[in-house]
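Chemist: I'd like to ask some things about the structure below.
Every read-out reported here was derived from the displayed coordinates using simple, explicitly stated rules and does not represent laboratory data. None of the values given here were measured: they were computed from a predicted structure. Cβ placement follows ideal geometry from the backbone for every residue including glycine, while neighbour counts extend to all protein chains displayed.
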Amino acid sequence: MLMAGNIQSLFFESIRSRDKSARSKGVLSKAISIIENEAPESPMLLRELFPYLGNAYRIGLTGPPGSGKSTLVNLIAKDFADKGLKVGIIAVDPTSSYTGGAILGDRYRMNDIVMHPNIFIRSMASRGSFGGLVKTAYQVADLMDAYGMDIIIFETVGVGQSEIEIVTHADSTAVVLVPESGDGVQAMKAGLMEIADIFIINKSDREQADHIKLEIEAMLELKPHDEKSWLTPVIKTIATQKKGTKDVLERIEKHKEYLTSSGELRRRRKDRIQHELLRLIESRIRQQWTERDFVGKIQSHVEEIFSNKKSLYSVADTIYHEHFNGRP
């Protein structure tokens, strides 16, 4: 069995040699497991990635369960791969209550691409995440980026309106809906409706497909924009019949061109780095609280707050100033 140190050495050897053989993909898979399981070796592995990052274009597909995201990912990935591009797929699945791992039901729809030499698929368990992605998805994408993937596709678990976290991970975000989503479009306005660079109405052979397309387009007209703004397209597809998916691919490529020429791609990627940096700092602070048993120490304040002797906010300020040398 390969030890973690050997995996790290082999992983960087694969990066430097640009080896994309089945053996090197096995090393990538083991490296991802180190990150996903938050093994003690993971910080060291992640720290060494930075010279190799920034080349992959990251695409997110999100939307409610049953909208056909897996089938669309299957087709889009194959189209990219057939052009000679290396594609990594991060597919977030529900977590098994028995094993703690991913329930791989949706992956069966990707069977026809799993052996494609230009495609690497990784299923990840949501593990209680409410943002549609697992918290290590960003780091796994970095591994794929450093490995040499040209395209990285995120497919969220499908948790409805809360899965807007994808916008902090992807360069381009596509929201996948079905005709029956029409009644909920207004409710989605503050969530999924706000993050889409591309709307996809899948299963558009069903009734109401034209209606929801018009409804979304009418809502998009209300968004502030000028002649330089990206006009969010609404595309009808029938993924099971391979209809409309070429149009999706073209719109993704056009969006990439727009982001690059406008400077928006640089801004989005800087925002992504900032978001992840803040998350890591917050994680370190939480770890300190656990190690120092801060939670136990604040129990004495709970009774004072409960009995209205002190304000929740004044106690929070006191604890912050005491332990982090904060200034009022």
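Chemist: Give or take rounding to whole Å, what are the principal axis extents of the alpha carbon atoms in the stretch 276-324, in descending order?
Modeler: Principal-axis extents of the stretch 276-324 (Cα, largest first): 38, 18, 16 Å.
Chemist: Here's another thing I want to ask about it. In vacuo Debye scattering of the stretch 202-328, one point per C-alpha: log10 I(q)/I(0) at q = 0.11, 0.16, 0.20 Å⁻¹?
Modeler: Here the Debye-derived log intensity ratios amount to -0.73, -0.90, -1.26.
Chemist: What spacing in nm lies between the two simple spin-label points modelled at D210 and L277, each 7 Å away from Cα in the Cβ direction?
Modeler: 5.1 nm
Chemist: Between beta-carbons, use under 15 Å as the cut-off and find the net charge around E41, counting Lys and Arg +1, Asp and Glu -1.
Modeler: On the way: positive: K30, R47; negative: E36, E38, E48.
Spelling it out: positives minus negatives among the neighbours equals -1.
Chemist: Can you give the local net charge around R251? Use residues other than it whose beta-carbon is closer than 13 angstrom to its beta-carbon, Lys and Arg +1, Asp and Glu -1.
Modeler: Details: positive: K236, K246, K254, K256; negative: D79, D197, D247, E250, E253, E257.
Combined, the nearby Lys, Arg, Asp and Glu give -2.
Chemist: So how much slack lies between E48 and E250, counting 0.36 nm per residue of separation and subtracting their Cα-Cα distance, in nm?
Modeler: Values: separation 202, 0.36 × 202 = 72.72 nm, distance 3.47 nm.
The span from E48 to E250 would gain 69.3 nm if fully extended.
Chemist: What aspartates and glutamates sit close enough to K223 to cross-link, taking a C-alpha to C-alpha distance under 17 Å and skipping anything fewer than 8 places away on the same chain?
Modeler: E194, D197, E215
Chemist: If you don't mind, another one. Grab the other residues whose beta carbon is less than 10 angstrom from that of I238, score K and R as +1, D and E as -1, and report the net. If you can, show how the numbers build up before the last one.
Modeler: Values: positive: K203, R206, K236, K242, K243; negative: D205.
Net local charge, I238 excluded: +4.
Chemist: Follow-up question, since we're still on this one. Quick one: length gained pulling R267 to W230 fully straight, 0.36 nm per residue minus the C-alpha distance? Show your work: numbers first, answer last.
Modeler: Working: separation 37, 0.36 × 37 = 13.32 nm, distance 1.49 nm.
Full extension of this stretch gives 11.8 nm more.
Chemist: Which entries in K236/K270; K20/K135; K78/K135; K25/K203 show an alpha-carbon gap greater than 29 Å?
Modeler: Table pairs above 29 Å Cα-Cα are K236/K270; K25/K203.
Chemist: Please identify every one of the GluC sites (Glu not before Pro) in the stretch 223-253 that sits in a loop by DSSP and has no more than 11 other beta carbons within 10 Å of its own beta carbon.
Modeler: Listed in order of number, the matching sites are E227.
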